[in-house]
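Note sheet for the following structure.
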Amino acid sequence: NSELRQLRRRWFHRFISDQEPMQTAGSKAMKHTAQHKGTYMGCFSDDSRERTLKGAVFYDLRKMTVSHCQEACAERAYSYAGLAYGAECYCGNKLPTTASKPEECNSECKGEKGSVCGGVNRLSVYRVEELRAGARRRRNVIYRGCFRAPANLTDTFPASLIQPNLTVEMCSEFCSKKEFPLAVLRARECYCGYATGRFSLHNGADALLCSGLHNASSAAEGQYCLVYQTPVQDTRCTDRKFLTTKSKVFVALSSFPGAGNTWARHLIEHATGYYTGSYYFDGALYNKGFKGEKDHWRSRRTICVKTHESGKTEIEMFDSAILLIRNPYKSLMAEFNRKYAGHLGYATDRNWKSKEWPDFVNSYASWWASHVLDWLKYGKRLLIIHYEDLKQSLIPTLKEMVEFLNMTVTEDRLLCVENNRDGNFKRSGAKQKDFEPFTQEMKDLINRYILTVDEALRGRNFTGLPREYVPR
């Protein structure tokens with residue numbers, strides 16, 4: 001099975017590339033390191049079951065370069081960047097121990113002719129440029145809040161540092177090098193670790209209780225601590241694989257486009273440790289780590305299958321489904337943005353003011369309603385999830401979804417998912433403030449569909465739509 005996986009992996013990487021495999025890549029490795037900012041450390045072995053560099057992971061099947069990988073690792077405060085299969089980037093702070101022959105790193109980078117990006121189970125490893133990484137670390141440290149300290153900090157956190165005149169930067173730097181996502185400060189003490197059941201970060205304290213934390217005479221000393229998120233990724237839930245035996249229950253993850261299906265897949269994959277599949281193939285999603293995109297949607301090797309379909313035949317082929325519903329106003333805007341600017345961008349002002357937008361609303365608004373109505377009518381076993389509930393109560397709602405998928409998950413893994421909740425598809429950039437693209441005529445149309453769907457849900461003894469769906 002392992003050999004088959006490696007063959008399939010190699011075939012797929014070659015299939016999507018227009019270039020012939022590079023025959024002499026290994027010999028060119030040292031030739032091309034001069035143009036990269038980091039120092040080339042050599043070729044090292046890597047086992048997919050036990051990763052050599054255990055930090056963050058990135059994929060880009062079209063544009064991966066050595067510099068792109070180094071920058072991605074530097075932004076997250078890792079010291080080493082390793083590349084494999086010409087398209088995969090791994091980060092870590094400990095140099096791999098098992099060196100391989102230079103010629104075994106023979107995969108050309110997908111986005112850069114003449115450069116080496118590892119090989120099959122082989123990593124081309126670079127030491128990330130220290131100054132560049134150091135310059136970004138401070139900016140990437142995120143304040144998480146003031147919290148009551150657990151009874152025994154040394155038992156709760158795996159690493160610690162005691163130092164006079166301790167600063168946030170010093171503690172974050174120490175924890176980043178130890179590859180921990182949390183830096184916890186209490187007076188002269190620095191602790192590193194993860195969010196756990198013992199220290200979940202769910203019950204924050206008043207910030208004033210931490211205001212004198214570095215003052216030895218503070219009454220609060222010993223009881224409270226400051227918590228910061230380091231640039232290091234929490235990797236306790238990033239390992240994912242295909243199901244080892246075919247699933248007996250064929251489960252859909254169904255939604256109208258723009259309702260957060262990709263985000264839900266990200267959460268499910270990280271919570272369960274298994275890939276989700278898709279009725280469609282989206283190379284951009286595969287590049288972001290959704291390996292189930294390349295698997296046939298009927299393979300039953302994935303935990304559930306994404307679909308936007310709503311016909312009787314397409315619904316009845318599934319044994320059960322998680323039906324994800326989102327406010328149609330938000331869904332329509334999200335799908336319009338995706339249509340004109342991809343998964344991460346925003347449509348331009350010109351797009352919104354064109355004839356395309358009213359035409360889009362007229363056709364897609366009815367689809368939003370019919371999608372839910374058809375799944376209510378033909379779906380065999382349904383779990384209704386409102387996008388808004390998933391956003392506001394992530395862990396309880398995700399637990400429902402995981403239980404529906406007949407999986408068990410540890411609390412620590414769920415806390416890791418919460419720490420990585422956004423994934424790679426959170427829109428950022430020039431979002432228009434107070435932007436209202438809906439005319440009154442559009443609102444009247446959409447509101448009628450909202451009332452119809454709400455009534456249908458209640459008629460099937462499901463919770464009705466959240467009240468916020470109707471514009472105030």
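Got at least one residue in region 447-462 being closer than 22 Å to residue 348 by Cα and either assigned by the TED database to the domain that holds residue 363 or part of a helix (DSSP H, G or I) (or both)? Checking region 447-462: not a single residue is closer than 22 Å to residue 348 by Cα and either assigned by the TED database to the domain that holds residue 363 or part of a helix (DSSP H, G or I) (or both).
Take residue 323 and tell me if it is in a helix (DSSP H, G or I), aliphatic (A, V, I, L, M) and modelled with pLDDT of 95 or more. It is false that residue 323 is in a helix (DSSP H, G or I), aliphatic (A, V, I, L, M) and modelled with pLDDT of 95 or more. In region 48-117, counting only strands (runs of 3 or more DSSP E) that sit wholly within it, none holds 2 or more residues that are among the acidic types (Asp, Glu). For residue 416, the conditions (1) of a type in the set (A, V, I, L, M, F, W, C); (2) over 25 Å from residue 343 (Cα atoms); (3) in a helix (DSSP H, G or I) all hold with the exception of (2).
Per the listing 81, 149, 72, the residue uniquely open to solvent by less than 50 Å² (accessible area, probe 1.4 Å), of a type in the set (Gly, Ala, Ser), more than 24 Å from the chain's Cα centre (by Cα) and within 24 Å of residue 179 (Cα to Cα) is 149.
The set of residues in region 148-179 being in contact with a helix residue (DSSP H, G or I) (Cβ under 8 Å, 6 or more places away or on another chain) and assigned to a helix (DSSP H, G or I) consists of 169, 172, 173, 176.
State yes or no: is residue 310 in contact (Cβ under 8 Å) with a residue 60 or more places away in the chain, in contact with a His (Cβ under 8 Å, 6 or more places away or on another chain) and over 13 Å from residue 258 (Cβ atoms)? In short, yes. Please verify whether region 252-274 includes one or more residues that are at pLDDT 95 or above, open to solvent by less than 10 Å² (accessible area, probe 1.4 Å) and of a type in the set (Ser, Thr, Tyr). Yes, there is a match, as at least one residue in region 252-274 is at pLDDT 95 or above, open to solvent by less than 10 Å² (accessible area, probe 1.4 Å) and of a type in the set (Ser, Thr, Tyr). Of the candidates 194, 126, 143, the single residue that is within 30 Å of the chain's Cα centre (by Cα), exposed (fewer than 15 other Cβ atoms within 10 Å of the Cβ) and modelled with pLDDT of 90 or more is 143. If you go through region 156-175 and keep only what is open to solvent by 50 Å² or more (accessible area, probe 1.4 Å), at pLDDT 90 or above, more than 13 Å from residue 230 (Cβ to Cβ) and out of contact with any Cys (no Cβ under 8 Å at 6 or more places or on another chain), you end up with just 167. With the structure loaded, tell me whether residue 243 is buried (at least 24 other Cβ atoms within 10 Å of the Cβ), in contact with a strand residue (DSSP E or B) (Cβ under 7 Å, 6 or more places away or on another chain) and not small (Gly, Ala, Ser) or whether it fails that test. The answer is no for residue 243. When region 335-366 is filtered for residues that are within 28 Å of the chain's Cα centre (by Cα) and closer than 21 Å to residue 441 by Cβ, the ones remaining, listed by number, are 335, 336, 347, 364. Residues of region 341-366 that are of a type in the set (A, V, I, L, M, F, W, C) and either within 15 Å of residue 435 (Cα to Cα) or surrounded by 17 or more Cβ atoms within 10 Å (Cβ to Cβ) (or both): 347, 352, 357, 360, 361, 365.
The residues of region 283-299 that are assigned to a loop (DSSP other than H, G, I, E, B), touching a Lys or Arg at 6+ places or on another chain (Cβ under 9 Å) and open to solvent by 40 Å² or more (accessible area, probe 1.4 Å) amount to a single one, 297. Residues in region 88-116 that are crowded, with 19+ Cβ neighbours inside 10 Å, under 16 Å from residue 51 (Cβ atoms) and of a type outside the set (Gly, Ala, Ser): 88, 89, 90, 91, 96. Residue-level check: of (1) in contact with a Gly (Cβ under 8 Å, 6 or more places away or on another chain); (2) modelled with pLDDT under 95, residue 416 misses just (1).
Name every residue in region 176-191 that is at positive phi and either modelled with pLDDT of 90 or more or over 25 Å from the mean Cα position of the chain (by Cα) (or both), in order of residue number. 187, the sole residue that qualifies.
The values are calculated or read from the model by the stated rules, or taken from the named source; none is laboratory data. Since this is a predicted model, take the numbers as computed values, not measurements. Neighbour counts run over all protein chains shown; Cβ positions are idealised from the backbone, glycine included. We work out accessible area using only protein heavy atoms, side chains counted, and drop any ligands, DNA or RNA first. Shrake-Rupley method; radii C 1.70, N 1.55, O 1.52, S 1.80 Å.
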